[in-house]
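J.: Take this structure, written in structure tokens, and hold onto it; I'll ask about it next.
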Amino acid sequence: MADPTPDFAAFLKAFPSYPETHIIDEVRRAQYARLDAGEHVYLDYTGAGLFAESQLQEHQELLRHNVFGNPHSSNPTSLAATHHVDHAREYVLRFFNADPQEYDVIFTSNASGALKLVGESYPFAKGGHYLLTFDNHNSVNGIREFAHARGADVIYIPVALPDMRVDEASLDGYLQRADRTAHNLFAYPAQSNFSSVQHPLEWIERAHAAGWDVLLDAAAFAPTSRLDLGNAKPDFVPLSFYKMFGYPTGIGALIARRKALAKLHRPWFAGGTITVASVQGGKYYLADGHTAFEDGTLDYLNIPAVEIGLKHLESIGYDVIHERVRCLTGWLLDNLTAMKHSTGEPLVRVYGPTNMENRGGAVTANFFNKDGMAIDHRYIESEANRFNISLRTGCFCNPGAGEIALGISRVELDVCFTRPGHESRLSLDDFRLCIDGKNSGAVRISVGLMTNFNDVQAFLGFARGLLT
Ligand SMILES: Cc1ncc(COP(=O)(O)O)c(C=O)c1O
């Protein structure tokens with residue numbers, strides 16, 4: 001931990017609690033040696049988390065010493081697989097402090113798979129509503145297509161610059177639009193994957209009281225913040241496990257309140273989701289709870305690795321992780337926003353809060369030259385690549401936040417969406433031309449579980465190199 005540089009001393013002065021997170025440095029040395037061996041500056045934790053070597057070892061040991069068969073059976077190898085899947089399911093509930101009487105866990109292939117399950121099964125109908133924030137991942141936006149198709153109203157709540165939060169005073173007005181005789185779904189991210197704003201969990205009960213079911217997208221929140229489902233009680237919670245602990249990929253979950261699940265109508269049945277189906281009878285009976293939502297054979301060899309990953313996070317603890325991210329992101333924000341060209345022009349414009357109140361560890365910004373002209377985000381990425389810095393550019397599948405951040409208006413967008421045919425669709429480059437050379441994306445630097453001071457300093461050094 002001892003680092004003699006004046007920068008580190010200044011950092012410790014500004015964030016004196018950082019040394020209390022030293023366990024992460026130890027874990028990084030022991031379990032993530034590949035990061036430093038490869039001289040990686042990994043700053044895309046919102047894109048994907050990173051796994052510890054011990055997760056791989058433990059999982060491989062389990063596979064090496066057991067014989068697992070397809071869980072849709074009752075032979076010994078099948079029962080062994082079922083045991084581990086059930087155990088992982090219970091562990092997910094325990095991890096999020098969700099009462100098993102109240103919540104169920106459906107394993108999916110990722111957060112998007114969980115969102116699609118809700119979208120295709122939610123009883124949208126005329127008179128009903130789908131209410132969502134501008135600030136949402138496309139897999140949440142995509143649910144609007146199911147709502148439109150079934151005649152429900154789709155309503156977007158804007159977020160406002162510079163912090164990119166919802167105007168609290170206007171929220172009740174939106175919530176009052178629920179029609180209590182129909183089904184109404186309100187969706188928002190617990191943490192934005194664009195601005196890193198943590199939208200209030202208190203909205204859940206306000207929305208319930210106004211007649212909404214609540215979908216809380218926890219994909220960007222859960223990797224570094226504790227979600228306590230004993231306290232906040234959304235109806236549907238999608239997430240992806242690789243974002244939390246890197247391994248395995250290909251598994252996510254929909255954590256759902258049992259009474260909300262009972263409202264959903266699956267549009268089909270599949271192997272594993274029924275009690276019986278008949279060809280000649282032309283009918284089927286759907287199974288109960290999670291079974292009705294898990295199509296075909298689960299990824300039963302990898303699901304046990306979810307439990308291993310959750311235990312890895314617990315071995316460090318959310319308090320430590322959260323504090324670490326707070327210190328490093330705070331330092332990153334303070335230094336980046338202070339950088340100015342010789343002309344006095346600031347180097348960056350941050351989209352989202354520039355202090356650490358109710359925000360996570362991603363900083364999204366555009367870079368500007370000494371004349372105040374925006375530097376193409378693709379150039380920043382290619383320059384960062386030369387320093388082995390992994391960051392993310394574009395709109396991060398969150399077009400609503402992007403449109404607000406970049407000041408792209410509805411009128412400008414309408415002009416670019418007049419070619420409905422697939423063959424005549426716009427490419428991303430055509431789209432950029434269409435919005436008249438306006439910036440069509442930004443740069444996201446995201447701090448996470450294993451980030452250390454050197455990673456942040458490496459990025460700040462890179463950014464300083466852009467000053468003229
Ligand atoms: C907030 C949020 N929701 C949903 C998703 C979708 O996750 P996945 O791509 O794993 O399905 C992401 C991925 O970046 C995200 O950040």
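The values are calculated or read from the model by the stated rules, or taken from the named source; none is laboratory data. Keep in mind that what you see is a predicted model, and the values were worked out from it rather than measured. As a convention, Cβ positions derive from the backbone with ideal geometry for all residues, glycine included, and neighbour counts pool all protein chains shown. Accessible surface areas use protein heavy atoms only, side chains included; no ligands, DNA or RNA. Shrake-Rupley method; radii C 1.70, N 1.55, O 1.52, S 1.80 Å.
J.: Residues of the range 88-117 being away from the ligand (no atom under 14 Å from the Cβ), of a type outside the set (A, V, I, L, M, F, W, C) and either assigned to a helix (DSSP H, G or I) or farther than 22 Å from residue 199 by Cα (or both), which ones?
T.: Matches in the range 88-117: 89, 90, 91, 94, 99, 100, 101, 102, 103, 104.
J.: In addition: Can you work out which of the residues in the range 384-412 that are surrounded by 16 or more Cβ atoms within 10 Å (Cβ to Cβ) and closer than 13 Å to residue 459 by Cβ is nearest to the ligand (Cβ to nearest atom)?
T.: 392
J.: How many of the residues in the range 134-149 are charged (D, E, K, R) and within 13 Å of the ligand (Cβ to nearest atom)?
T.: 1
J.: Among the residues of the range 348-360, which ones are open to solvent by less than 60 Å² (accessible area, probe 1.4 Å) and farther than 20 Å from residue 404 by Cα? Write out each step before concluding.
T.: Taking the range 348-360 and keeping what is open to solvent by less than 60 Å² (accessible area, probe 1.4 Å), we get 348, 350-353, 356, 359-360.
The answer is 356, and nothing else.
J.: Of all residues in the range 226-245 being open to solvent by 10 Å² or more (accessible area, probe 1.4 Å) and assigned to a loop (DSSP other than H, G, I, E, B), which is farthest from the ligand (Cβ to nearest atom)?
T.: The extreme case among them is 230.
J.: Any residue at all in the range 310-327 that's over 25 Å from residue 135 (Cβ atoms) and in a loop (DSSP other than H, G, I, E, B)?
T.: yes
J.: Please note which helices (runs of 4 or more DSSP H) are completely contained in the range 335-447 and include at least 1 residues that are touching a residue at least 40 places away in the same chain (Cβ under 8 Å) and under 19 Å from residue 159 (Cβ atoms).
T.: The qualifying helices (runs of 4 or more DSSP H) are 399-406.
J.: Are there any pairs with C-beta distances below 6 angstrom linking a residue in the range 167-180 that is touching a residue at least 60 places away in the same chain (Cβ under 8 Å) to a residue that is open to solvent by less than 40 Å² (accessible area, probe 1.4 Å), with the two at least 6 apart or on different chains, and if so which?
T.: From residues that are touching a residue at least 60 places away in the same chain (Cβ under 8 Å), there are no pairs.
J.: Please work out if residue 173 is closer than 17 Å to residue 208 by Cα and more than 16 Å from the ligand (Cβ to nearest atom).
T.: Yes: the conditions hold for residue 173.
J.: Still on this structure, I have one more. Give the residues of the range 118-140 that are in contact with a Gly (Cβ under 7 Å, 6 or more places away or on another chain) and assigned to a helix (DSSP H, G or I), sorted by residue number.
T.: The one that is in contact with a Gly (Cβ under 7 Å, 6 or more places away or on another chain) and assigned to a helix (DSSP H, G or I): 119.
J.: Is the range 204-219 home to any residue that is of a type in the set (D, E, K, R) and within 13 Å of the ligand (Cβ to nearest atom)?
T.: yes
J.: Then there's this: Between a first residue in the range 90-106 that is over 10 Å from residue 237 (Cβ atoms) and a second residue that is exposed (fewer than 14 other Cβ atoms within 10 Å of the Cβ), which pairs have beta carbons less than 6 Å apart while being 6 or more apart in sequence or on different chains?
T.: Listed by first residue and then by second, the contacts come to 93/100; 97/228; 97/230.
J.: If you check every pair at least six apart or on different chains, which have Cβ atoms under 8 Å apart with a residue in the range 123-135 that is of a type in the set (Phe, Trp, Tyr) first and a residue that is assigned to a loop (DSSP other than H, G, I, E, B) second?
T.: Here the result reads 124/150; 124/151; 124/152; 124/183; 130/124; 130/152; 134/158; 134/159, each pair linking the range 123-135 to a residue that is assigned to a loop (DSSP other than H, G, I, E, B).
J.: Mind telling me which of the residues 305, 262, 287 ends up being small (Gly, Ala, Ser) and closer than 28 Å to residue 43 by Cβ?
T.: Going through 305, 262, 287 in turn, the sole match is 305.
J.: Using the structure shown, decide if residue 282 is more than 16 Å from the ligand (Cβ to nearest atom), open to solvent by less than 50 Å² (accessible area, probe 1.4 Å) and not in a helix (DSSP H, G or I).
T.: Against the criterion (more than 16 Å from the ligand (Cβ to nearest atom), open to solvent by less than 50 Å² (accessible area, probe 1.4 Å) and not in a helix (DSSP H, G or I)), residue 282 does not qualify.
J.: Residue 463 passes all but one of (1) part of a loop (DSSP other than H, G, I, E, B); (2) of a type in the set (Gly, Ala, Ser); (3) touching a strand residue (DSSP E or B) at 6+ places or on another chain (Cβ under 8 Å); which number fails?
T.: So the condition that residue 463 fails would be (1).
J.: Considering each of 114, 88 in turn, give the residue that is among the small types (Gly, Ala, Ser), surrounded by 20 or more Cβ atoms within 10 Å (Cβ to Cβ) and under 20 Å from the mean Cα position of the chain (by Cα).
T.: Working: 88 fails: under 20 Å from the mean Cα position of the chain (by Cα).
It is 114.
J.: When you scan the range 227-235, do you find a residue that is over 22 Å from residue 306 (Cβ atoms) and touching a residue at least 40 places away in the same chain (Cβ under 8 Å), even just one?
T.: Looking through the range 227-235, at least one residue is over 22 Å from residue 306 (Cβ atoms) and touching a residue at least 40 places away in the same chain (Cβ under 8 Å).
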